[in-house]
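Reviewing the structure listed below.
No lab work stands behind these numbers, since they all come straight from the coordinates. Everything quoted here is computed from the prediction, not taken from an experiment. With ideal geometry, Cβ positions are generated from the backbone for all residues, glycine too; neighbour counts draw on all protein chains shown.
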Amino acid sequence: MSDRVCLSLNKEIMQIRSIGIIGAGTMGNGIAQVAAGAGFDVILLDINDAALEKGLVALSKSLDRLIKKESITSEQKVKTLARIKTTTHYADLAAVSLVIEAATENQAIKEKILAQVDHVVSKKTIIASNTSSISITHLASLNSRPERFIGIHFFNPPPLMALLEVIMGKETSPETLKAVLAMASAMGKEPITVQSSPGFVVNRILLPMINEAFFVLHEGVASAEDIDTGMKLGCNHPIGPLALADLIGLDTCLAIMEVYQAEFKDDKYRPSPLLIDLVAKGHLVRKTGRGVYVYEPK
Ligand code: NAD
């Protein structure tokens with residue numbers, strides 16, 4: 001592999017050759033595609049063969065879209081797929097140099113997974129979580145080597161989004177950070193370094209903006225369409241905040257604001273009453289076809 005990353009960890013020279021990815025869902029299979037596409041050997045782990053198969057089908061379709069756009073060749077697709085092995089056994093992660101946990105966003109599930117990972121990997125292995133909301137310092141504290149634990153927050157979809165938020169726990173070592181920043185650049189991503197804090201950087205700023213759009217709508221300052229047009233043309237955003245809220249899911253937006261309000265103990269994060277009301281009415285787009293806007297059934 002030409003773009004192998006050399007790492008100096010606690011004076012030991014280590015090369016990231018292989019990455020274990022836990023969870024073959026939306027993010028896990030996307031991260032596997034990015035990693036294998038950059039030349040890393042990947043071991044993708046999920047709870048059963050059906051979940052792994054579903055992830056591989058999505059990954060293969062994603063590569064087909066890149067071929068259609070002439071971003072990659074058919075040979076590159078074959079090489080990328082050949083670098084990905086799948087498993088349901090944690091023991092198969094024993095030799096990897098980095099594990100990225102990208103399973104369901106549930107603290108108890110992640111804690112159980114990370115305990116199993118801690119048990120099988122070598123002392124040199126870096127362990128990372130792709131969590132969107134759970135404290136990296138907390139997850140690191142459960143690990144026998146918190147200095148080698150770090151957050152790597154990919155954006156959806158990983159093959160297309162350039163940003164990586166790299167999140168430092170209180171005890172994450174500078175060597176671990178350096179290694180992950182090198183890996184990010186080998187993957188062709190643009191990393192930013194963030195201290196462990198609710199929402200990290202991007203969602204901490206994005207969600208309050210979306211919430212404010214609901215306040216503006218609720219107060220009758222402007223229509224939903226005019227608020228979205230205002231932010232698209234006035235700020236050059238590719239999508240308006242209310243349309244984006246529908247895309248994320250109004251229940252997810254509300255849950256995130258509630259976490260910020262509770263964690264920061266600051267009422268500046270109070271959710272808009274209109275957002276609370278729409279969620280209570282079940283306007284969740286994917287279930288009812290209604291959010292801020294009304295959508296045609298697919
Ligand atoms: P998803 O529901 O699409 O996939 C989760 C996968 O985890 C499933 O395949 C599931 O079978 C697997 N899983 C569940 N329990 C497991 C276990 N015990 N062991 C192994 N695998 C297990 O979820 P997702 O959207 O890919 O999100 C994954 C993580 O990425 C979450 O922490 C989420 O917060 C984060 N994230 C999501 C997005 C997004 O837009 N979807 C963006 C950034 C970060």
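In whole Å and largest first, what semi-axes does the C-alpha gyration tensor of region 54-116 yield when each eigenvalue is scaled by 5 and square-rooted?
Details: eigenvalues 171, 44, 17 Å².
Those come to 29, 15, 9 Å.
Restricting things to Cα coordinates, could you compute the convex hull volume per residue of the chain in Å³?
147
With an 8 Å Cα cut-off and a minimum separation of 6 or more residues, compute the relative contact order for the chain in percent.
Rounded, it is 13 percent for the chain.
Contour minus end-to-end for Ser122 and Tyr295, with contour as 0.36 nm per residue of separation and end-to-end as the Cα-Cα distance?
Difference between extended and current length: 57.3 nm.
Pull up the DSSP beta bridges for region 149-298 and report the antiparallel fraction as a percent, rounded to 5.
Details: 6 of 12 bridges.
Around 50 percent of the beta bridges assigned by DSSP in region 149-298 are antiparallel ones.
Could you check what % of the DSSP bridge pairs in region 21-174 are antiparallel, to the nearest 5?
25
Hey, could you get me the Stokes-Einstein D for region 138-232, Kirkwood radius over alpha-carbon pairs, 20 °C and 1.002 mPa s, rounded to whole µm² s⁻¹?
Result for D is 138 µm²/s.
Given the Cα atoms of region 160-216, and with Rh set as the inverse mean 1/r over their pairs in the Kirkwood sense, what is Rg to Rh to two decimals?
Values: Rg = 14.2 Å, Rh = 12.9 Å.
The Rg/Rh ratio comes out at 1.11.
As a test, work out the antiparallel percent of DSSP beta bridges whose residues both lie in the chain, rounded to the nearest 5.
Numbers: 11 of 37 bridges.
If I count the DSSP bridges inside the chain, around 30 percent turn out antiparallel.
Can you pull the one-decimal nm distance between simple spin-label points at Leu163 and Ser144, each 7 Å off the Cα toward Cβ?
The modelled label-to-label distance comes out at 3.7 nm.
How would you rank Val202, Val96, going from fewest to most other Cβ atoms within 10 Å of each one's own Cβ?
Fewest-to-most ranking of Val202, Val96: Val202, Val96.
Nearest 500 deg cm²/dmol is fine: what mean residue ellipticity at 222 nm does the chain get from its DSSP H runs of n ≥ 4 alone, each adding -39,500 (n - 2.57), divided by its residue count?
-14000 deg cm²/dmol
Can you figure out the FRET efficiency of Ser223 with Asp64, using R₀ = 41 Å and their beta-carbon distance, to the nearest 0.05?
Rounded to the nearest 0.05, the efficiency is 0.55.
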